[in-house]
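What follows is calculated from the coordinates using simple rules that are stated; it is not laboratory data. Small disclaimer: the values here were computed from a predicted structure and weren't measured. Using ideal geometry, Cβ is built from the backbone for each residue, glycine included, and neighbour counts are taken over all protein chains shown.
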Amino acid sequence: MSTATELSYSTTPGGALTGRVRVPGDKSISHRAIMLAAIAEGETRISGFLEGADALATLAAFRRMGVEIDGPTEGCLSVQGVGLRGLRAAEGPLDMGNSGTAMRLLSGLLAGQSFSTTLIGDASLTRRPMQRVTAPLAEMGARILTSAHGTAPLTIEPVSQLTGIDYHLPMASAQVKSCLMLAGLYAEGETCITETAPTRDHTERMLSTFGYPVRRVGQRVCLSGGGRLVGGRLDIPADISSAAFFLVGASIAEGSDLLLENVGINPTRVGVINILRAMGANIALIDRRTSGGEPVADIRVKSARLRGIHIPLDQVALAIDEFPALFIAAACAEGETILTGAAELRVKESDRIQVMADGLTRLGIVAEPRPDGIRICGGQIDSTERHGAIDAHGDHRIAMSFAMAALLARGGIEIHDCINVETSFPGFAALAARAGLGIEELRG
Ligand code: S3P
């Protein structure tokens, strides 16, 4: 990975996306693979691991807690599990960088340890709400100190015993659900979590793959503490959240015909496909199969005329990370697209409603932010008359979304503050350029 701290993209307008690409491994699954392999018994061999900064921060944290990890080399690594009680205190704080998933899941996993740990992060992560995990963990008996605003740094103190809870999630959040399940592994009795809407279920699936009993009934998931995880093999599929930029790019750019290989199509993640199809996209799932407990397919996408829609509420949690890309699709569609019920977008790596609205407005698109969503009127993306560039505000998904907008823009688009693309999609510009996007990296 580059050591430069500044990265901008310079794009040239037009082009089409063609050929075959394999985007990097799934970020959510990569974090969980390290965490569960570390506390399993025996060795776990992982392939398809995302070598991006977020998942590497998780990997580094477990190394510092005494877990032996060989790799990663081209996405392959082996982890010598230490068992549920085998982690050791790290010297000094663990730095989770930009990763909300790492910090929230680890706070649950560490709440039941016999040592104290402090979790820190970058400026964006330090602004993000952590009470959503510290409050229910406190109900389980955990002791976690936060800043006065309920944010990181988090200091997790040892307690004599956690107790299972029956928790109804106040928001749709797989991070909170997973945090509590990981704490539940260390708790006395049963921990149950009931969701308001289905969210990604990778933790549940992977615990089962490691042989840990998890009971699911409808929107409720339960597990009991004190069991054991058994190491094995895990093949991580390509990340549908990274594929999303290409699904949108190929849909909007005339003449595109692109095959995305081995993409995870877990039903709790496919909102982006459902929404794009409702907008008129031409997307086919080919050779559906299962790998490491997760459904996978190759995805073929061809350009299509998109039309604006009211995004169905039941798709919001299933596409929560893909809205920046979907907003670009909406800007290129005929008519109006309206999103509601997505206030969570305001507390992601950036305020994704405001930052996308600002960028789209700069490109001549009518984009009206609302407290829980946005209204976007499709039109001509036009950067010719305007001065200055798009500011990605250090948000990887904003940067990659605006890069794809160049395919249908009048004039090139410059995007600043893109370095965090390396958190989820190392090599994005090179891969996108190979598929046909006019993109150059400017590093400083
Ligand atoms: C994630 C859950 C989602 C998502 C994030 C990854 C996970 O966050 O936005 O990128 O891996 O569990 P929330 O749980 O905050 O919705």
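Some observations on this one:
- Set of lysines with alpha-carbon distance to LYS302 below 16 Å, sequence-local pairs under 8 removed: none
- Protection proxy ranking, highest mean first, for peptides 304-315, 178-189, 40-51: 178-189, 40-51, 304-315, where packing is the per-residue count of other beta-carbon atoms within 10 Å, averaged.
- Centre separation in Å (Cα based) which lies between the range 170-209 and the range 45-108: 19 Å
- Nitroxide proxy distance, nm - points 7 Å out along Cα→Cβ at VAL217 and THR384: 6.4 nm
- Evaluating 6.51 cos²θ - 1.76 cosθ + 1.60 at θ = phi - 60° for every residue in the range 63-78, the Karplus couplings come out as 4, 5, 9, x, 8, 7, 10, 9, x, x, 10, 6, x, 9, 8, 10 Hz, glycine and proline recorded as x.
- Each residue, THR340 and THR194, gets one label point 7 Å from its Cα in the Cβ direction; the gap between the two is 2.5 nm.
- By DSSP, the beta bridges lying fully in the range 1-120 are antiparallel in about 85 percent of cases.
- Rounded, prolate or oblate (a/c below 1.5 giving rounded, otherwise prolate when a/b exceeds b/c) for the range 90-168 by Cα gyration tensor: oblate
- Averaging the sequence gap over all C-alpha pairs within less than 8 Å and six or more residues apart, then dividing by the number of residues, gives the chain a relative contact order of 20 percent.
- By DSSP, the beta bridges lying fully in the range 239-360 are antiparallel in about 90 percent of cases.
- Between the range 391-444 and the range 299-340, the Cα center-to-center distance that results, in Å: 19 Å
- Note that the range 342-350 has calculated 3J(HN,Hα) couplings of 10, 4, 4, 4, 6, 10, 8, 4, 9 Hz, one per residue in order, obtained from phi through the Karplus relation 6.51 cos²θ - 1.76 cosθ + 1.60 (θ = phi - 60°); glycine and proline are x.
- The trypsin sites (Lys or Arg not before Pro) of the range 363-422 that DSSP puts in a loop, and whose beta carbon has at most 14 other beta carbons within 10 Å, are ARG386.
- Within straight-line reach of LYS177, meaning a Cα separation under 30 Å, sit the following lysines at least 8 residues removed in sequence or on another chain: LYS27, LYS348.
- Simple label model, 7 Å out from Cα along Cβ direction - HIS149 to GLU41, nm: 4.5 nm
- Taking Cβ atoms as reference points and 14 Å as the exclusive limit, the residues near VAL133 contribute a net charge of +4, counting Lys and Arg as +1 and Asp and Glu as -1.
- Within the chain, DSSP assigns beta bridges of which about 70% are antiparallel (rounded to the nearest 5).
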